[in-house]
1. Counting Lys and Arg as +1 and Asp and Glu as -1, what is the net charge of the other residues whose Cβ lies under 12 Å from the Cβ of E248?
2. Quick one: net charge of L131's neighbours, Cβ under 12 Å, K/R +1, D/E -1?
3. What net charge is computed for the residues neighbouring T55, neighbours being all others with C-beta under 9 Å from the C-beta of T55, Lys and Arg scored +1, Asp and Glu -1?
4. Report the normalised scattering of the range 83-194 as log10 I(q)/I(0) at q = 0.22 Å⁻¹, calculated by the Debye formula with identical scatterers on the alpha carbons.
5. Would you kindly derive the ³J(HN,Hα) couplings of the range 201-208 from the backbone phi angles with the Karplus curve 6.51 cos²θ - 1.76 cosθ + 1.60 (θ = phi - 60°), listing them in order in whole Hz, with x for Gly and Pro?
6. Summarise the accessible area of the range 179-296 (1.4 Å probe, protein heavy atoms) by the percent that is carbon and sulfur.
7. Suppose all protein chains stay in the model; what accessible area per residue would a 1.4 Å probe give for the range 210-280, in Å²?
8. Let me cross-check V257: its accessible surface, 1.4 Å probe, with only protein heavy atoms counted, in Å² to the nearest 10?
Amino acid sequence: MLEFAMPPNYVERGLYSITAGKEVRTFSIADPTDRKFLRNFLQFDANDSGAYILTATTHRFQKDASGNAVQGDVGDSMTYDILRYDDQGQLKETNHLDLHLHPIRFGVFPNGDFLVLGIDDVNLTPQAAILHSDGSLRAYVDLWNEIPSNDALAATVSKGFGQGSELMKLSIGLGSYRIEHTPTGLALFRYGISNKIILVTSSGAISTVTPQIPKGYTVDSLVESDKRWLLRVDGPDSGSDAKFQIFEFRSDDGTLVGAMNTAPAPSSGFACERDGEFRLMHWVDKKPYLETAKPQ
């Protein structure tokens with residue numbers, strides 16, 4: 001799946017997929033029936049059962065008698081849903097999240113359950129939960145020993161947000177985490193900040209691993225694979241595609257198995273591996289192409 005910032009203002013985001021037959025599918029977020037509300041795109045994920053989009057629904061902004069934009073009596077109107085689509089881009093389910101937290105990140109397990117990472121409404125602390133496929137709570141996940149304290153999370157936020165609310169700063173700090181797929185479940189890691197990877201299975205079991213990557217490199221992303229553990233790392237010159245590399249590593253102790261030679265395609269474009277074959281996006285003459293490859 002591909003996410004793009006959409007013209008003309010490049011604020012709204014569009015979500016697309018391309019089938020094996022090279023047909024483009026569009027995933028649109030339908031507004032709620034009540035036009036007083038607006039549904040916003042937060043994040044997407046996918047598995048073999050379809051595509052999933054996390055959304056937040058809020059009051060639409062209205063104008064007061066003076067013409068100023070106001071949101072009115074919002075109260076508890078902020079709601080979160082996970083929408084499930086089939087591979088044709090058709091909406092199949094809307095699963096409401098009945099949680100006392102603000103979701104920041106989510107991922108879908110192979111069995112259709114969800115891992116949600118967010119900020120607890122009452123205590124303003126990071127919280128993780130595993131949800132059933134219908135969005136109902138299955139269990140909370142204890143990540144206290146793995147996720148930094150509130151002060152440590154807030155310290156990673158740009159000084160420009162120094163006057164923001166604690167919820168906003170914690171949300172931005174927790175937003176530095178990514179949730180990605182592994183052969184055994186889901187992985188959490190902090191992009192560009194820490195190389196420690198938190199592994200979570202659908203049963204709620206937690207383990208951690210710190211890949212032994214070269215000095216000066218940081219974890220960029222996991223390259224999804226059905227059989228092995230592949231890690232894309234970002235070098236000191238983060239603005240150059242040539243500085244990205246893909247390593248295979250062992251999930252039990254972080255030992256590097258070896259590096260991949262992806263030339264002539266840049267490692268930054270590799271998306272996933274199935275049965276030893278990779279899918280990637282490659283720009284040629286300023287045009288994007290979807291390709292397959294078998295790097296050595």
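1. Details: positive: K227, R228, R232, R250; negative: E273.
My count for the surroundings of E248 gives +3.
2. Working: positive: R138; negative: D81, D98, D113, D134.
Taking every Cβ under 12 Å from that of L131, the sum is -3.
3. On the way: positive: R39; negative: D81.
Every neighbour counted, the sum reads 0.
4. Listed by q, the Debye log ratios stand at -1.25.
5. 9, 5, 7, x, 5, 10, 8, 10
6. Summing carbon and sulfur atoms, their accessible area is 48 percent of the total for the range 179-296.
7. For the range 210-280, the per-residue accessible area is 48 Å².
8. 90 Å²
The values are calculated or read from the model by the stated rules, or taken from the named source; none is laboratory data. Predicted model only: the values in this text are computed from it and were never measured. Cβ sites come from the backbone with ideal geometry, for glycine too, and all protein chains shown count toward neighbours. The accessibility values were calculated without ligands, DNA or RNA, using every heavy atom of the protein model including side chains. Shrake-Rupley method; radii C 1.70, N 1.55, O 1.52, S 1.80 Å.
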